[in-house]
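Each remark here refers to the structure printed beneath this line.
FYI, it's all coordinate maths here, none of it is from the lab. Since the model is a prediction, treat every value here as computed from it, not as a measurement. Counting neighbours? That spans all protein chains shown, and the Cβs are built from the backbone with ideal geometry, glycine included.
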Amino acid sequence: MERELYGREAIFGNDGLAARLTGLTPYGSARVAYEHRDDPPVAVLTGGRGMGKTAALKQLRHLYREITPVALVDCEAVAPPADPGPGWTPVTGALPELATQLTAKVRAARPVQFPRLSLGLVAVASISWTREDETRAQRDLQSLGPVLATVDTRGDAATGWVTKVLTKLAASAFDSVVPLAGMVAEATIETVLEETFSRFQRRSADWYGSYPHAGGNGRIGLRQLAVDFERGGDLRRRAEDHLVLALVADLVRAYGGLARGARRGRPVLLLDNAHTLLGRQLVEPVLRQRASGVRDQIALFASSRARDHEGLSHAVRRRLPEVAHGSHWVRGSEVTSGILAVELTALSPAHVQAAFDRHDPVGRTPAGLARGVHRLTGGRPLGVALLAQAAGEALVPGASQPGSLVPGALLGRTVELREGRAPVRVADELLAQLLPGQQLDVLSVLAAAHSEDSARLLATARLRGRSLDGDVALQVRDVLRAQDWPVGPEYFVADPLLRALLLHRLRFQDDDHPYYAVWRAVHETLRTAYAPGGRCPSVPHRLHQELVLGRTRDCVTHLRERFTDGDVTAWLGSLRFIASAPYPRPPGHAGPDPRRAVALGREAAGSLPDGETGLAGLGERAVELQLQLRRLLHAVWLLSDPLAVPDEEVIDKMAHELRQLSGRHPTGNSVLWDAATHWPRDIRAWRPLSMPPGSSDTGGPGTGGSGQRRGNGGSDA
């Protein structure tokens, strides 16, 4: 049983995209009118990692596998067998898998047979067979056994074929003009047709008469296909395209003539990661054939991680909600206009709450946790699913107290994904799925960077010798872009969830509480670079790093000293940027967030010396302002932290402090008053703090200017 999906009703509803393309409802298998009866589009689901593309395709397979032929292949996972012959390529590896899945028994219909595909695959497999190496032929035919079984159910048929093929080849007069691959293929096809195919099935060879240079003769076409395949390059690509269309032709034959009335709906092909070369090789022949006017009546769904892939250049684009009741797709003049590209959208807060309710049916989850997870993940379904599961398992008797659960605490918890597999930590599993096969130790260091320049600085200081191929930061930048992750300009790792996960790993990877040597070394490197005399001096960025390291004195002192400057909007921008620093959260901390007590003015008397608070040597009014700004800084730091959950009492205290500051400022009282009004609204609406207050602009680092959405543990940490 596949996991429950949320927010995907536009695909799986009884009048959704899947029902309209297959002609059958996913639930109940009732007949539905086709939206595109004679010319269906190829539906490509687009979105980054973790957006639920694979989950949607698996759900389609799960829902349709008993009511219509369906096959799913991951184009990134097709791998050669232990001893592949020259006839194996990713295309010839994927096609038998698709055909085998499509032959599974469905209601009230005979299994689909694949005689055309079988002939083509046997022809290309035979190109390396020789009398001296019969085992090669045996292995190749054995690997094709499942697809050949769709035509000949005798399990030992292939053994007899090999002997007869090689005997016939040895008895043939050698003709130096005819390529050996063609001779072997011709002998193989003759044997297979004679020994295996019925008289009716033998006619399927005629389909290859349309192959270039076949002159309408199917056997010549099969021989030429084998020759082209052996020659490689564009000729091999032509042969592979024809093999793809052979599978299509077999499906068309199964659904044509007298068989049409016995079958319901359309067969379903599902191609995951179709943005890869293999995916394009499987999809493009179908697109070209459809564009030429040949119809096949196959419901073809694919996924593409790259939304702007060149293969989608002329696709009709829709967002997921727009296809709930109709796609309004119309074919254009370009081949790729045969694609309907459907962008998967993030889950809404209501969807996230539904996921939490599923794992916590009695409702013990702390108020605001689901919304906090939505803010952290941006509604990315993979993140929502794992964090909701972690929250549900954390609420079992004997586990953490519900009040201590915040998004950041869930990252460190373990979940059991499936029976028989050891529990995994949520943050580790998310990184493994969002950045598979990458050097996470390198990425974790560079996630602390603000921009490409600071990433290169970190790479020089902390990752020296990690690559022999040039600049590490630029290599990582290209890797992120290739994986369709955004890069810069405000953050080197610009996706909020990905950055939060990498920073979490940077802090806890060495399990060296309370020292956090790697974490401190990385942020000390940045702090030094931003200090006066450093490689890129910047006061706001240096103070941001001070706060990352848990040092608040200089931050508060700077805010106090600059408070009476004329540009109060810039002052607020600096406050917001400095306070966007990731909080150095202790692992497994079960009590209230320490920032809360500071923000509310409830620190124990004398808990910190004056040297830590910056009070030493200050006059009475300066002390009062220093303490007020200390409370405000901690309030903004806590409330804008995506790994925490906003606290109503702290929100009210922040508004109070801003109103008090409005009365103290000689010129900027209206801006501060606006902040006291609008920033609490922003927090309660789970928005970044607006800058200027009340605008739709989320601002840039320390300037009050425009910038990207925050929510990953800090603006430029």
Q. For segment 664-680, what does the Karplus curve 6.51 cos²θ - 1.76 cosθ + 1.60, with θ = phi - 60°, yield as ³J(HN,Hα) per residue in whole Hz, taken in order and with x for Gly and Pro?
A. 8, 7, x, 10, x, 5, 5, 5, 5, 5, 4, 4, 5, 8, 8, 5, x
Q. How do Ile651, Ile339 rank when sorted from fewest to most other Cβ atoms within 10 Å of their own Cβ?
A. Ile651, Ile339
Q. Can you give the alpha-carbon Rg of segment 349-434 over 2.2 N^0.38 Å, where N counts its residues?
A. 0.99
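Counting other beta carbons within 10 Å of each Cβ, put Asp512, Asp308 in order, fewest first.
On the way: Asp512 13, Asp308 10.
Placing the least packed residue first, the sequence is Asp308, Asp512.
Between Thr528 and Arg231, how high is the FRET efficiency from 1/(1 + (r/R0)^6) when r is the Cβ-Cβ distance and R₀ = 60 Å? Nearest 0.05.
0.50
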Q: Would you kindly derive the ³J(HN,Hα) couplings of segment 12-27 from the backbone phi angles with the Karplus curve 6.51 cos²θ - 1.76 cosθ + 1.60 (θ = phi - 60°), listing them in order in whole Hz, with x for Gly and Pro?
A: 9, x, 5, 10, x, 4, 4, 5, 6, 8, 8, x, 9, 6, x, 10
Q) Among 426-438, 354-366, what's the highest-first ranking by average C-beta atoms within 10 angstrom per residue? A) 426-438, 354-366
Q.
I need the peptides 553-560, 222-229 ranked by packing, meaning the mean over residues of other C-beta atoms within 10 angstrom, with the highest value on top.
A. 222-229, 553-560
Q. Could you give the nm distance between label points at Arg203 and Ser333, where each point is 7 Å from its Cα heading toward the beta carbon?
A. 4.0 nm
(Q) Please rank Lys653, Lys53, fewest neighbouring Cβ atoms within 10 Å first, as an exposure proxy. (A) Lys653, Lys53
Q: Lys and Arg at +1, Asp and Glu at -1: add these up for the other residues within a Cβ distance under 13 Å of Gly601 and post the number.
A: +1
Q: Using a cut-off of 14 Å between beta-carbons, work out the net charge of the residues near Asp647 (Lys and Arg +1, Asp and Glu -1, Asp647 not included).
A: +2
Q) In nm, to one decimal, how far is the Ala367 label point from the Arg602 one, both placed 7 Å along Cα→Cβ? A) 1.6 nm
